[in-house]
Amino acid sequence: MPKKDKKVPDSQGRFGAYGGVYVAETLVPALEELAQQYELIKENKEFKSEVQNDLEKFVGRPSPLYFAKRWSKQLGGAKIYLKREDLNHTGAHKINNTVGQILLAKRMGKTRIIAETGAGQHGVATATVAARHGMKCVVYMGEEDIKRQSLNVYRIKILGAEVISVNSGSKTLKDAMNEAMRDWVTNVDDTYYIIGSVAGPHPYPQIVRDFNSVVGKEVLVQSKEEIGKMPDLLVACVGGGSNAMGLFYPFLEISTTDLVGVEAGGLGLDTGKHAAPLNAGSEGVLHGMRTYLMQDDKGQIQDTHSIAAGLDYPGVGPEHAWLKDIGRANYTTANDQEALDAFKELTLVEGIMPALETAHALAYVKKKAPSMDSEQVIVVNVSGRGDKDINTVANIEGIEL
Amino acid sequence: MGRIQETFLDLEKLKKKALVGYIVSGDPDVSSTLNAMQLMVKGGVHVIELGIAFSDPMAEGPSIQQGHERALKNKISLQETLGLVKSFREDDDKTPIVLMGYMNTFEALGSKVFSSTAKENGVDGILIVDMPIEESVEFTEQTKKHGIDIIRLVAPTTSESRIKKICKQASGYVYYISLKGITGANSINVDEVKNKVLKLRELTELPVVIGFGIKDGSTASSVKDLADGIVVGSTLVDIMGGNKEEIEKHLSIKINDLSRALN
Ligand SMILES: Cc1ncc(COP(=O)(O)O)c(C=O)c1O
């Protein structure tokens, strides 16, 4: 069990062997400054109340903890509660992070914001706060993702941000992140890079975790007040790992609560077409961090596949790599078809249409809940809503909208 | 004395500047790279930097990214590159070779295996772009053991106190990045480079070379007096990606232009 007195990450940005700062020399001073400023600013009273105010009035927090009564009954086991991040402004947990980071950027005197995005949710969340603060914003997005998340691309543009299509490499999230890094190295004086998950070089994994921890903190309070006990199991999908880390972090020391992260199994782990580095990857260095990666034996990063653009990433946040190794959290997968089934089931049974990313977590709950008893409680993070995925789902069904 | 040290000492005696040429190993294929290396030396390149292709070359601009992609199409590996260096050494035991790339491919081979094989095959130095001093304990230990230099980068954003720390761990030469940006960028500012390099030279005894943004004779001559040498990459990689029949011709013309500008 992780101990309170042992601070993670350490001053080098390490979670055990993972994390760190593997970047080109030009960015080292910028990251050092960010780490220093963040440590100072995050304790500032005024800053804290600004973040709190935006979370309440702009995002609409706290998000409800909803008892999925019909679904629990249908599955016939544990009581299932949904943490409703889908109800946040812009429709996903991503806004928790961008609301905080843009206030940090302003305090650091930066005038231009950049971001990478896969599903487009982080792009929308960044463009949204940039509009709210009147800042210039550029969003990098892979050509493939632009095709499958066209709705979000248009939203980002209406919000006044520029979308730059990335057509190098696999043309997805990892390549968008490469391109955002290249922008940052070029414009490091006036530009703040809002990374959208608990990934990248230190201090990003820590910053993004901290801002998303509001999710787990609320669940702690809501569990006590509304359920009368701590959850037995927390479940979240894992792309880079921010919605999972945000839910898990405040529970790390509560040993009676199990933590399960669900990666994208794609077409199945044995096909190689998936995005499950914690389940089927190996240790390596990418995007400034040491973590589990999908790579070949020569150290080249492999192409990934998932029905959910937001999970289609060959790496994972270093804190998850650490939690896996020390055994505090477990990581499993759900494949495309299982996610699709869960997407439909929750929509039909509860009237809540989840994002395809979230549907991976739900697919695991579907399998797990029946093996638990009715006194036990599962809390699953509904990281986002499914509106953005309508085209993808319709396509699979052979329906043209 | 190692090849890098010897080369810079010889050049110093002749009051000449080093021309450092970068191409990507295996771009477009291994035999083209070997030919190009020999041609570069004949034309007046003093140090060869061989890029190690990586799927995610974060610090590279479009030209070198494409070079990496071309090389990876033929599944070039670090191990094969070590073989290529061995072949090159059959005819040239003098020109220093530095391998430049990203942490993950070097780690996949392992710091021990890499360092011993690299030394045996005639590699003189490594430059790992995403391995700042804080993250290089293991590679420093292994390369030191085998007498391979770790070339360190200093950037426009690097503070004086950090330059001191970096230089303490550097060997071979120090590579000054002339601009904030990626390889092949267009915005070299001679006055800024001058101030920073003057400072850098006060803080290290090692030779200093300037790279990023040097494309031709005129950009080369604008910065050559500030340092001990210049690095040219993107423009050579563009040539390697062009029509195969014309690679030799264009490479000769380009290197000739650069060599003349340095003298
Ligand atoms: C709704 C939703 N859930 C989950 C994710 C995956 O990201 P993370 O693992 O950082 O929560 C995304 C990413 O775009 C998303 O949009």
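The values are calculated or read from the model by the stated rules, or taken from the named source; none is laboratory data. These numbers come from a predicted model, not from an experiment. Note that each Cβ is placed from the backbone with ideal geometry, even for glycine, and that neighbours are counted across all protein chains shown. Surface areas here come from the heavy atoms of the whole protein model, side chains and all, with no ligands, DNA or RNA. Shrake-Rupley method; radii C 1.70, N 1.55, O 1.52, S 1.80 Å.
Within segment B:42-59, the only residue that satisfies the criterion of being closer than 18 Å to A:N167 by Cβ and either polar (S, T, N, Q) or more than 14 Å from chain A (Cβ to nearest Cβ) (or both) is B:S55. Among all residues of segment B:96-108, there is at least one that is touching an Asp or Glu at 6+ places or on another chain (Cβ under 6 Å), in a loop (DSSP other than H, G, I, E, B) and either closer than 28 Å to B:S161 by Cα or within 14 Å of chain A (Cβ to nearest Cβ) (or both). If you scan segment A:175-226, which residues turn out to be of a type in the set (D, E, K, R), open to solvent by 10 Å² or more (accessible area, probe 1.4 Å), closer than 24 Å to A:G315 by Cα and touching a strand residue (DSSP E or B) at 6+ places or on another chain (Cβ under 8 Å)? Result: A:E179, A:D183. Kindly evaluate A:G299 against the criterion of being open to solvent by less than 10 Å² (accessible area, probe 1.4 Å) and in a loop (DSSP other than H, G, I, E, B). Here the answer is yes, as A:G299 does meet what is asked.
Within segment A:293-304, residues that are free of Cβ contacts under 8 Å to residues at least 12 places away in the same chain and more than 18 Å from A:G241 (Cβ to Cβ) reach partners that are of a type in the set (G, A, S) and assigned to a loop (DSSP other than H, G, I, E, B) with beta carbons closer than 8 Å, at six or more positions or on different chains, in the pairs A:K298/B:S77; A:Q300/B:S55.
Across segment A:354-378, the number of residues qualifying as crowded, with 20+ Cβ neighbours inside 10 Å and not in a helix (DSSP H, G or I) comes to 4. Just to be sure I understand, how many residues within segment A:244-259 are within 14 Å of the ligand (Cβ to nearest atom) and either part of a loop (DSSP other than H, G, I, E, B) or open to solvent by 10 Å² or more (accessible area, probe 1.4 Å) (or both)? The total comes to 1. Filtered by the rule that a residue be part of a loop (DSSP other than H, G, I, E, B) and over 22 Å from the mean Cα position of the chain (by Cα), segment A:182-231 gives A:N187, A:V188, A:D189, A:D190, A:G228, A:K229, A:M230.
Of the residues making up segment A:138-149, those that are open to solvent by 10 Å² or more (accessible area, probe 1.4 Å) and touching a helix residue (DSSP H, G or I) at 6+ places or on another chain (Cβ under 7 Å) are A:Y140, A:I146, A:R148. All told, B:G147 meets the bar of being in contact (Cβ under 8 Å) with a residue 60 or more places away in the chain, over 14 Å from the mean Cα position of the chain (by Cα) and within 22 Å of B:F8 (Cα to Cα). One residue stands out among those in segment B:163-203 that are open to solvent by 10 Å² or more (accessible area, probe 1.4 Å) and at the interface with another protein chain (Cβ under 8 Å from one of its Cβ atoms): the one that is farthest from B:P132 (Cα to Cα), which is B:A185.
Every residue, every condition in (1) within 14 Å of the ligand (Cβ to nearest atom); (2) open to solvent by 50 Å² or more (accessible area, probe 1.4 Å); (3) more than 28 Å from A:Q12 (Cβ to Cβ); (4) within 14 Å of chain B (Cβ to nearest Cβ), yes or no:
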| site | (1), (2), (3), (4) |
| --- | --- |
| A:G284 | no, no, no, yes |
| A:A308 | yes, no, yes, no |
| A:E319 | yes, no, no, no |
| A:W322 | no, no, no, no |
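Close contacts from segment A:7-25, counting a first residue that is within 30 Å of B:G211 (Cα to Cα) and a second that is aromatic (F, W, Y), with Cβ to Cβ under 8 Å and a gap of 6+ residues or different chains, come to A:G19/A:W322. Close contacts from segment B:226-247, counting a first residue that is more than 14 Å from B:L19 (Cα to Cα) and a second that is in a strand (DSSP E or B) and of a type outside the set (A, V, I, L, M, F, W, C), with Cβ to Cβ under 8 Å and a gap of 6+ residues or different chains, come to B:V237/B:Y22; B:V237/B:G51. Only one of the numbered conditions (1) open to solvent by 10 Å² or more (accessible area, probe 1.4 Å); (2) in a helix (DSSP H, G or I); (3) within 20 Å of A:D183 (Cβ to Cβ) is violated by A:G109, and that is (2). In summary, B:L39 fulfils each of the numbered conditions (1) at pLDDT 95 or above; (2) open to solvent by 40 Å² or more (accessible area, probe 1.4 Å) with the single exception of condition (2). Just to be sure, is B:L153 closer than 19 Å to B:E60 by Cβ, open to solvent by 10 Å² or more (accessible area, probe 1.4 Å) and within 14 Å of chain A (Cβ to nearest Cβ)? Taking the combined requirement at face value, the residue satisfies it. Filter segment A:162-200 for residues that are within 16 Å of the ligand (Cβ to nearest atom), among the small types (G, A, S) and farther than 15 Å from A:L311 by Cα and give the result. Hits for segment A:162-200 are A:A180, A:G200.
For segment A:28-38, taking the residues that are touching a residue at least 60 places away in the same chain (Cβ under 8 Å) and either more than 24 Å from the chain's Cα centre (by Cα) or away from chain B (no Cβ under 13 Å) (or both), the one that is surrounded by the fewest Cβ atoms within 10 Å (Cβ to Cβ) is identified as A:E33. Set side by side, the residues A:S11, A:S49 differ, and just one is open to solvent by 20 Å² or more (accessible area, probe 1.4 Å) and within 14 Å of chain B (Cβ to nearest Cβ), which is A:S11. For B:E80, the conditions (1) within 14 Å of chain A (Cβ to nearest Cβ); (2) acidic (D, E); (3) assigned to a loop (DSSP other than H, G, I, E, B); (4) open to solvent by 10 Å² or more (accessible area, probe 1.4 Å) are fulfilled apart from (3). Note on segment A:310-342: residues that are more than 27 Å from A:L233 (Cβ to Cβ) and part of a helix (DSSP H, G or I) total 0. Within segment A:150-173, being within 12 Å of another protein chain (Cβ to nearest Cβ) and modelled with pLDDT of 95 or more holds for one residue alone: A:V166. Screening A:I146 against (1) of a type outside the set (D, E, K, R); (2) in a helix (DSSP H, G or I); (3) within 14 Å of chain B (Cβ to nearest Cβ) leaves a single unmet condition, (3).
A:K171 fulfils the conditions (1) free of Cβ contacts under 8 Å to residues at least 60 places away in the same chain; (2) open to solvent by less than 10 Å² (accessible area, probe 1.4 Å); (3) not in a helix (DSSP H, G or I) except for a single criterion, (2).
Counting only helices (runs of 4 or more DSSP H) that fall entirely inside segment A:1-106 and contain at least 3 residues that are at pLDDT 95 or above and under 24 Å from A:G241 (Cα atoms), the qualifying elements are A:28-41, A:45-54.
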